[in-house]
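Only one structure is covered here, and it is reproduced in the block below.
The values are calculated or read from the model by the stated rules, or taken from the named source; none is laboratory data. Worth saying up front: this structure is predicted, and the values here are computed from it rather than measured. FYI the Cβ positions are ideal-geometry reconstructions off the backbone, even for glycines, and counts take in every protein chain you see. To get the accessible areas, we keep the full protein, side chains included, count just its heavy atoms, and leave off ligands, DNA and RNA. Shrake-Rupley method; radii C 1.70, N 1.55, O 1.52, S 1.80 Å.
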Amino acid sequence: MAEIRTETAIVGAGQAGVPLARALAEAGRLVVLVERRHLGGSCVNFGCTPSKAVIASARLAAAARRAGAMGVGIPSVAVDFAAVMARARRLVAESRGSLEESFRGRDNPRLLCAEARLEGRRDGLFRLRAGGDVVLAERVVLDTGTRSARPPLPGLNSVPLVDSESWVGLEALPGHLVFLGGGTIALEMAQCFRRLGAEVTVLEQGERLAEHEDPDVAEALCDALEADGVEVRLGVEAVRAVPEGEGLRVHLRGGEVVEGTHLFLAAGREANSDGLGLETLGVVPGKRGVVAVDGGLCAGVPGLYAAGDLRGGAQFTHAAYDDFRVLRDRFLGDGTATTERVVPYAIFTEPELGRVGLSETQARAAGRAVRVGRYRMRDSGKAREIGRTEGFVKVVADAGTGEILGAAVLCAEGAEVVQLFTQAMVAGATAREMLRAIAIHPTFGEAAKNAVAALVDG
């Protein structure tokens, strides 16, 4: 057993941990990075990289099927599911391989491929067991991410299961996917698999999909899925799952039964905080295992930090990467960077939902006096020209000052367009200031400006 002394030990090679290890090492600081499985975290291995690759294939299939409306005849559309998945896995392997190569043969940062567990703190040093080694560190950064939550549904382990990690290993297209949950993962993957040729049913216990969005946004997302042939069941509760031949049956409260070939768990995420030994430092994880942090990502014990999805809050790859910025400043800069920030996000359905800041519901619940500007994509020249008129742009502003409080952009390339509002919010621009900018015609950015104009003139 080796004893390794270092300044910083990072547990988890996700989107915060990897760049932080590099930055500290480049600054001449000793770093040990411990990862139990694969470099790159959820984004590279089963999240952003493979899912957006497969979604791109699904979008091409959908576009080909509607090409006739644009005057382009495509007699038939055949999806090679095995080839689609092979491409996605190839992209994962390339990204992961590039990360692995960047650490190969380096003493600093030093990579340990092992399970890590804290064993308390003594004489100012954290003790961390990593496989057969013991790491003694002045500070520890935890970036261990999350995993699919497993609801206490009787029979769950007896039926064919897919979740947000294991789906990447699918070799054959499921005949009928039944999604348990109606959040972001369910929305994206339900539409995707339907477009690839699977039958899809979404079971959501709440009264709408995407419960954190405004009702009009959630309704439009539901319409988009149903337009692709996804069956959406709202206000239903699964009470048990039972195997049926090579598939399964999901029994709902009230006696209804939904049949399928695979059950896709999309009932949220829970943090990978169990097994870390946090109790040896007196740290107790909160709901779903998240570790509470302050604005500088300190986890309640001096020298202990949590980053990425583990720390709760905005659980997105880009937020995790920004955690790297905060920690780099804390360790190498003046320590003024914090998590007080504007974090946009997207749901990569078609149309895409780009979101930033407060929704109308959230703003009103907070007691803000607001004005709401809205612009329908069916009135957009660009949307009509490319045949993608679904959705709308919705912007929320302070009724008195015109400060932009948030926006929902539901349209083709909505994840790109919402960043206009993100930049405006970071810059402190008001609605009237946004209107001073000239928008290129015809673009979706022009639609965003028209929503702001409706806010000012309405």
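At a glance:
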| item | result |
| --- | --- |
| Considering residues of segment 124-156 that are open to solvent by 20 Å² or more (accessible area, probe 1.4 Å) and assigned to a strand (DSSP E or B) only, the residue nearest to residue 274 (Cα to Cα) | 147 |
| Pair list, Cβ < 7 Å and 6+ apart or interchain, from segment 397-410 residues that are within 17 Å of residue 447 (Cβ to Cβ) to residues that are part of a strand (DSSP E or B) and modelled with pLDDT under 95 | none |
| Pick from segment 291-332, criterion without any contact (Cβ under 8 Å) to a residue 60 or more places away in the chain, part of a loop (DSSP other than H, G, I, E, B) and under 25 Å from residue 50 (Cα atoms), ranking: least open to solvent (accessible area, probe 1.4 Å) | 312 |
| Among (1) within 17 Å of residue 40 (Cβ to Cβ); (2) open to solvent by 60 Å² or more (accessible area, probe 1.4 Å); (3) of a type outside the set (Gly, Ala, Ser), the one test that residue 96 misses | (2) |
| Subset of segment 269-281 [outside any strand (DSSP E or B) and either touching a Gly at 6+ places or on another chain (Cβ under 8 Å) or in contact (Cβ under 8 Å) with a residue 40 or more places away in the chain (or both)] | 272, 273, 274, 275, 276, 277, 278, 280, 281 |
| Only one of 439, 427 that is without any contact (Cβ under 8 Å) to a residue 60 or more places away in the chain, of a type outside the set (S, T, N, Q) and loosely packed, with under 15 Cβ neighbours inside 10 Å | 427 |
| Qualifying residue in segment 259-268 (condition: at pLDDT below 95 and open to solvent by 20 Å² or more (accessible area, probe 1.4 Å)) | yes |
| Search result, residues across segment 364-380 that are assigned to a helix (DSSP H, G or I) and either over 15 Å from residue 448 (Cβ atoms) or in contact with a Pro (Cβ under 7 Å, 6 or more places away or on another chain) (or both) | 364, 365, 378 |
| Residues within segment 212-268 that are over 24 Å from the mean Cα position of the chain (by Cα) and assigned to a strand (DSSP E or B), tallied | 17 |
| Those residues of segment 240-258 which are more than 24 Å from residue 173 (Cα to Cα) and open to solvent by less than 40 Å² (accessible area, probe 1.4 Å), in sequence order | 252 |
| Residue 424 closer than 30 Å to residue 59 by Cβ, part of a strand (DSSP E or B) and touching a strand residue (DSSP E or B) at 6+ places or on another chain (Cβ under 6 Å) | no |
| Filter result (more than 23 Å from residue 166 (Cα to Cα) and either within 21 Å of the chain's Cα centre (by Cα) or part of a strand (DSSP E or B) (or both)) within segment 89-115 | 110, 111, 112 |
| Residue match in segment 362-385 (condition: under 19 Å from residue 216 (Cα atoms) and β-branched (Val, Ile, Thr)) | yes |
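For (1) touching a helix residue (DSSP H, G or I) at 6+ places or on another chain (Cβ under 7 Å); (2) modelled with pLDDT under 95; (3) over 21 Å from residue 348 (Cβ atoms), each residue gets a yes or a no:
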| residue | (1), (2), (3) |
| --- | --- |
| 199 | no, no, yes |
| 204 | no, no, no |
| 220 | no, no, no |
| 228 | yes, no, no |
| 235 | no, no, yes |
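Rundown of residues vs (1) among the basic types (Lys, Arg); (2) more than 21 Å from residue 52 (Cβ to Cβ); (3) open to solvent by 10 Å² or more (accessible area, probe 1.4 Å), yes/no style:
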| site | (1), (2), (3) |
| --- | --- |
| 188 | no, no, yes |
| 197 | no, no, yes |
| 202 | no, no, no |
| 211 | no, yes, yes |
| 216 | no, yes, yes |
